[in-house]
Amino acid sequence: MSYADVNGLHLWYEVHGTGKPLLLLHGGYGSTETFAPIRPALAARRQVIAVDLQGHGRTADVDRPLRYESLADDVAALLRHLDLPAADLLGYSLGGGVALRTAIQHPALVRRLVLVSTPCRRQGWYPEVLAAMAAQDARTGERMRGTPPHERYASVAPRPQDWPVLWAKTGALLRREYDWSTEVAALPMPVLLVYADADAIPVRHVAELFGLLGGGHRDAGGDGTDRPASRLAVLPGLTHYDVLGSPALPGVVLPFLTHTLRAPE
């Protein structure tokens, strides 16, 4: 467990297990603790590197806005700081957006990519979710004091008083329109998409995103030779808010990271 000084950030990361590196990126208002339920299963097979993004957990905020693009550059800088020529990335929700931008901006650093409950464009969320995102600001953060996310933040943050600032900056990030569809279609690495069956992202967008990665266009054939290199998993009985803690998640992630994948000819 240590800090890396990258891009003007004192970036917290922690390492668990041994093997090929797997970088974990938490969701909004989260931290490395978010992955506690599944970390032992992942670390039993991989070297797990969990990161606290700018302004989250043990990484203090700096004088710049939160942007997927700059957060992705932080991840790339950390991989270089650790002298890792490439790693697998797993990102959840907001962290999934960061993982996706890392793969887009720094493809040579990403071996395989796992996106959990993540869209490729802002309009990929349900309208009611977008409305809730648009309402996030410092006042909302003040109302969230005393909740489990705030208590976790207050217990580890270098400046606990920055809690409302994190909400203001995150709200500004979540209100920004984006559409990375064209860049997703050009990704060179295999991607695993994982969603809950009652996720905050409509099934139609899940199908759209999988289609951009080559999925859902044809029958794979009896021997599977026409399947795409990327994969899709929908986990039953879960939502956007509890999918990350499900033991079913390592069950689909680890085989994807381990098995040899063959793209269609």
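The values are calculated or read from the model by the stated rules, or taken from the named source; none is laboratory data. This one's a predicted model, so the numbers in the text were calculated from it and none came from an experiment. No Cβ is skipped: glycine too gets one built from the backbone with ideal geometry, and neighbour counts run over all protein chains shown.
Here is how the numbers come out for the structure above:
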{"item": "Wholly within the range 93-186, helices (runs of 4 or more DSSP H) carrying at least 1 residues that are at pLDDT 95 or above and closer than 26 Å to Leu79 by Cβ", "result": "94-105, 148-156, 163-174, 181-185"}
{"item": "Subset of the range 140-176 [farther than 21 Å from Val98 by Cα, surrounded by 13 or more Cβ atoms within 10 Å (Cβ to Cβ) and polar (S, T, N, Q)]", "result": "Thr140"}
{"item": "Pick from the range 1-43, criterion among the polar types (S, T, N, Q) and touching a strand residue (DSSP E or B) at 6+ places or on another chain (Cβ under 9 Å), ranking: farthest from Pro250 (Cα to Cα)", "result": "Ser2"}
{"item": "Residue in the range 64-82 that is buried (at least 24 other Cβ atoms within 10 Å of the Cβ), of a type outside the set (D, E, K, R) and touching a residue at least 60 places away in the same chain (Cβ under 8 Å) present", "result": "no"}
{"item": "Answer residue from the range 245-256, given it is out of contact with any helix residue (DSSP H, G or I) (no Cβ under 9 Å at 6 or more places or on another chain) and part of a helix (DSSP H, G or I) and is surrounded by the fewest Cβ atoms within 10 Å (Cβ to Cβ) among those", "result": "Pro255"}
{"item": "Every residue from the range 202-244 that is touching a helix residue (DSSP H, G or I) at 6+ places or on another chain (Cβ under 7 Å), hydrophobic (A, V, I, L, M, F, W, C) and in a strand (DSSP E or B)", "result": "Leu232, Ala233, Leu235"}
{"item": "Near pairs, Cβ below 7 angstrom, 6+ apart or cross-chain, from the range 233-260 (free of Cβ contacts under 8 Å to residues at least 40 places away in the same chain) to any residue that is of a type in the set (Lys, Arg)", "result": "none"}
{"item": "Qualifying residue in the range 40-48 (condition: surrounded by 19 or more Cβ atoms within 10 Å (Cβ to Cβ) and farther than 21 Å from Pro247 by Cβ)", "result": "no"}
{"item": "In the range 187-201, the residues that are outside any strand (DSSP E or B), surrounded by 17 or more Cβ atoms within 10 Å (Cβ to Cβ) and not aliphatic (A, V, I, L, M)", "result": "Pro190, Asp199"}
{"item": "Boolean, Ile38 is within 20 Å of Phe256 (Cα to Cα), aliphatic (A, V, I, L, M) and touching a residue at least 40 places away in the same chain (Cβ under 8 Å)", "result": "yes"}
{"item": "Condition met for Leu212 (crowded, with 17+ Cβ neighbours inside 10 Å, touching a strand residue (DSSP E or B) at 6+ places or on another chain (Cβ under 7 Å) and modelled with pLDDT of 95 or more)", "result": "no"}
{"item": "Residue in the range 106-116 that is under 14 Å from Lys20 (Cα atoms), out of contact with any Pro (no Cβ under 8 Å at 6 or more places or on another chain) and not small (Gly, Ala, Ser) present", "result": "yes"}
{"item": "Subset tally (residues that are part of a loop (DSSP other than H, G, I, E, B), at negative phi and either in contact with a Leu (Cβ under 9 Å, 6 or more places away or on another chain) or basic (Lys, Arg) (or both)) for the range 51-77", "result": "12"}
{"item": "Residue list for the range 217-244, filter: at pLDDT below 95 and either surrounded by 13 or more Cβ atoms within 10 Å (Cβ to Cβ) or not small (Gly, Ala, Ser) (or both)", "result": "His217, Arg218, Asp219, Asp223, Thr225, Asp226, Arg227, Pro228, Ala229"}
{"item": "The range 1-50 - residue that is in a loop (DSSP other than H, G, I, E, B) and of a type in the set (A, V, I, L, M, F, W, C) and, of those, nearest to Gln136 (Cα to Cα)", "result": "Ala36"}
